[in-house]
1. Here are some residues: Lys325, Lys298. Which one is surrounded by fewer than 17 Cβ atoms within 10 Å (Cβ to Cβ) and assigned to a helix (DSSP H, G or I)?
2. How do the pairs read when you match residues in segment 229-247 that are in a helix (DSSP H, G or I) with residues anywhere that are open to solvent by less than 50 Å² (accessible area, probe 1.4 Å) and among the β-branched types (Val, Ile, Thr), using Cβ under 7 Å and keeping only pairs 6 or more apart or on different chains?
3. Taking the condition in a strand (DSSP E or B), hydrophobic (A, V, I, L, M, F, W, C), within 22 Å of Met93 (Cα to Cα) and open to solvent by less than 20 Å² (accessible area, probe 1.4 Å), does Val222 pass?
4. Out of the residues in segment 184-213 that are without any contact (Cβ under 8 Å) to a residue 24 or more places away in the chain and among the acidic types (Asp, Glu), state the one that is most open to solvent (accessible area, probe 1.4 Å).
5. Which ones in segment 1-57 are in contact (Cβ under 8 Å) with a residue 12 or more places away in the chain, farther than 25 Å from Ala294 by Cβ and in a loop (DSSP other than H, G, I, E, B)?
6. Here are Ile378, Ile336, Ile373, Ile354: which of them is of a type in the set (A, V, I, L, M), touching a residue at least 40 places away in the same chain (Cβ under 8 Å) and within 21 Å of Ser6 (Cα to Cα)?
7. Looking at Gly68, Gly85, Gly96, can you tell me which residue is under 23 Å from Met308 (Cβ atoms), free of Cβ contacts under 8 Å to residues at least 24 places away in the same chain and not charged (D, E, K, R)?
Amino acid sequence: MSGTTSRPWMTGDAADLFAMAADFFDREIPANRERWEAQRQVDRDFWLKCGELGLLCASIPAEYGGGGGTFLHQATIQEAYARHGDRSWGNSMHSGVVADYVHRYATEERRRRWLPRMATGELIGALAMTEPSAGSDLKAIRTRAVRTDRGWLINGSKIFITNGGSADLVVVACSTDPAKGAKGISLIAVETADAEGFSRGRPLDKLGQHGADTNELFFDDVLVPVENLLGEEGDGFAMMMRNLPQERLIIGITAVTATELALSVTTDHVKQREAFGGPLMEKQHVRFELAECATLAKVARTFLNECMATHLATGLDLPTSAMCKWWLTNVQCQVIDKCLQLHGGYGYMTEYTIARLYADARAQRIYGGADEIQKELIARSL
């Protein structure tokens, strides 16, 4: 795999962080991947180890227990983890999304209550947006939160929730004023321990990403304190829109790293695999296919680096983040499909990295906003 030289934004302490994180993941992921996939989630012990090393909440200020870094450090950890092609660990949601919401929008008391334990791995975060009838169309959210004398009373259900099976803190997108549509959506945090009326469905049986903790969540008269509202009532949709560019950039990092990994393992395979009297790499068709894949991977990395530089400097705008998300995830699927074909029958065996990459990649064109939504966002900016 390529080192930090292909990532001009990864310098100084970020490069040191990458080396430390990569060394840790090199030991932990191969040793645990099969068990994570069988049990459909990462062990809590792994989260705690990551907390001890400072791999959680890297961009949260040190006064709240975080790493005191920026998104650069969060992206660096994501790069180091994604090198293995594993999609089990939900830190991109925990640290890259939920912790950011809490830090930006929670009350000071709630920040000090939740963030330090999120940084140690004692408290795992999830964001509950998607519903059975509301995916990319967030304005169609039906989960309802009503303010009472005792607090917020939440009713509804969410589906496809990352970290849903183990989350201790769930930020729930609720409709607090249905008559106002998008301007009536609010974000309310639910502490799941002893939350009466809160329940989880079984782990969802997905096409890929089997080690990822993905569940349906149910809220039946779940009562939470008024102070658990993030930001102002009715600002939830705007808050989610402001955070989506960073979430889509994280997805882009995973996609590009998987693309590069697919190219690497396939190049190794065709050099070793013999057919028709010699290594596959001697066949012109194979070399041409790899040349296309290498070019796509290079262009994808270059675009990602530009998006990273922009986001670190001024913040990535919504249309460019949409381009980043839809194009990089599509390139990932194109390259992995070509690479699987070059593996022949072995490519269909799940013991091979390319097969896992193939199954895991497809969801990235859906979550974080489907391809069609990204294209609509881009078109509106023209």
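1. Exactly one residue qualifies, and that residue is Lys298.
2. Gly236/Ile185; Phe237/Ile185; Asn243/Val97; Glu247/Val97
3. Details: in a strand (DSSP E or B): yes; hydrophobic (A, V, I, L, M, F, W, C): yes; within 22 Å of Met93 (Cα to Cα): no; open to solvent by less than 20 Å² (accessible area, probe 1.4 Å): yes.
In short, no.
4. Asp194
5. If the condition is that a residue be in contact (Cβ under 8 Å) with a residue 12 or more places away in the chain, farther than 25 Å from Ala294 by Cβ and in a loop (DSSP other than H, G, I, E, B), then Arg40, Gln41, Val42, Gly54, Leu55, Leu56, Cys57 are the ones that fit.
6. Details: Ile378 fails: within 21 Å of Ser6 (Cα to Cα); Ile373 fails: within 21 Å of Ser6 (Cα to Cα); Ile354 fails: within 21 Å of Ser6 (Cα to Cα).
Just a single option satisfies the conditions, and that option is Ile336.
7. Gly68
Residues are listed down the side, and each one gets a yes or a no for (1) open to solvent by less than 10 Å² (accessible area, probe 1.4 Å); (2) under 17 Å from the mean Cα position of the chain (by Cα); (3) under 18 Å from Asn243 (Cβ atoms):
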{"site": "Arg27", "(1), (2), (3)": "no, no, no"}
{"site": "Pro30", "(1), (2), (3)": "no, no, no"}
{"site": "Glu34", "(1), (2), (3)": "no, no, no"}
{"site": "Cys50", "(1), (2), (3)": "yes, yes, no"}
{"site": "Ile60", "(1), (2), (3)": "yes, no, yes"}
{"site": "Tyr81", "(1), (2), (3)": "yes, yes, no"}
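The values are calculated or read from the model by the stated rules, or taken from the named source; none is laboratory data. Computed from a predicted structure; not experimentally measured. We place every Cβ from the backbone using ideal geometry, glycine too, and count neighbours over all the protein chains shown. Protein only, heavy atoms only, side chains kept; ligands, DNA and RNA dropped before computing areas. Shrake-Rupley method; radii C 1.70, N 1.55, O 1.52, S 1.80 Å.
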